[in-house]
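Below is one structure, written out as structure tokens, with a few remarks after it.
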Amino acid sequence: MRKILLTFALGLSLVASAQLLNVGNVAQVPIPEDLTNKVAAISPDGTYLLITTDYNKGLSKYDLATGQMTAVTDVDGAGYDVKISADGQNIVYRETSYTPEHLKMVALKSKDMTTGTTSMLVAPTRDMVVSERTVKGGNKVKAALGLQRPTLSIDKLHLMITEGAETREFSPLGTDKRYIWPSVSPDGTKALFYVTGFGAYVCNIDGTDVKELGQVRAPRWYNDNIIVGMNDQDNGVVYTSSSIIAVDLNGTTQVLTGDDVIAMYPLPDAAGNKIAFSTPTGEAYIITINK
């Protein structure tokens, strides 16, 4: 069930425990009002957002300069872990469907935003981990996204790593843990992941030098040394608070948002200029970072 806090104050006050990022301002993005909206991705250059629903149905492109909203696809599952190529031109997304026997199938597609052409990367299958972390069809996905670095994936809650054509067990904290939210640093040298019931961790790409970062949920690489995530709290029914935080590899933490907005699921652009996030009531915000 979607968690919704019925009332909360608007406006933002910035609180920081350390200065890792120079926050310019935090502003709401005027996407069409809809309680089911959420931000699925921000383009690497920070010029547009991909908007989906709370249930990851469909994708729309929202141009931050013009405010124009353009439909990308209306398929189920498209908003889950969608990825954008480095040049912003290709979008890789999943499409879920069901067989006559009610078995869930997942396909992986790529859309060229310049030509509007859609390509099938992985045909519907029941054995797949999606997006840049796809094990099956991974080379096609990496080509569509222009990726060269190793990639991480989740297989039956185990953490896997793909280097070249080989995918193997990674799981630096052991195979008895439940891994989620994995990613590789922009320079390809470090792995980031979250272990359910424990917290976020970072380590070298060979699995050595594991460091605990604490409760940094939905972590994302801001750059090679700083990670952004959320610190969310709920009462079992609704979210009562959530802030976007930044943490460096030494564990120094900075709070980027105030306590008067429930800020969740941060998405930094590759340029390091913007961090997008959503609220449980379907709003979108941009944190502008001054360099």
Qualifying residue in the stretch 220-233 (condition: more than 29 Å from Gly164 (Cβ to Cβ) and among the hydrophobic types (A, V, I, L, M, F, W, C)): yes
Which listed residue is more than 21 Å from Ile286 (Cβ to Cβ), touching a residue at least 40 places away in the same chain (Cβ under 8 Å) and either of a type in the set (Ser, Thr, Tyr) or in a loop (DSSP other than H, G, I, E, B) (or both), from Tyr93, Tyr55, Tyr80: Tyr80
Within the stretch 20-47, considering residues that are assigned to a loop (DSSP other than H, G, I, E, B) and polar (S, T, N, Q), the one surrounded by the most Cβ atoms within 10 Å (Cβ to Cβ): Ser43
Those residues of the stretch 219-228 which are surrounded by fewer than 19 Cβ atoms within 10 Å (Cβ to Cβ) and either among the hydrophobic types (A, V, I, L, M, F, W, C) or under 15 Å from Val195 (Cβ atoms) (or both), in sequence order: Ile226
Wholly enclosed strands (runs of 3 or more DSSP E) of the stretch 107-225 bearing at least 3 residues modelled with pLDDT of 85 or more: 118-125, 158-163, 179-184, 190-195, 199-204, 211-214, 217-221
Some residue of the stretch 203-210 being loosely packed, with under 15 Cβ neighbours inside 10 Å and more than 28 Å from Phe170 (Cα to Cα): no
Count of residues meeting criterion [surrounded by 21 or more Cβ atoms within 10 Å (Cβ to Cβ) and more than 26 Å from Ser153 (Cα to Cα)] in the stretch 62-84: 1
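The values are calculated or read from the model by the stated rules, or taken from the named source; none is laboratory data. The structure displayed is predicted, hence computed values, not measured ones. For neighbour counting, all protein chains shown are included, and Cβ atoms are generated from backbone atoms with ideal geometry for every residue, glycine included.
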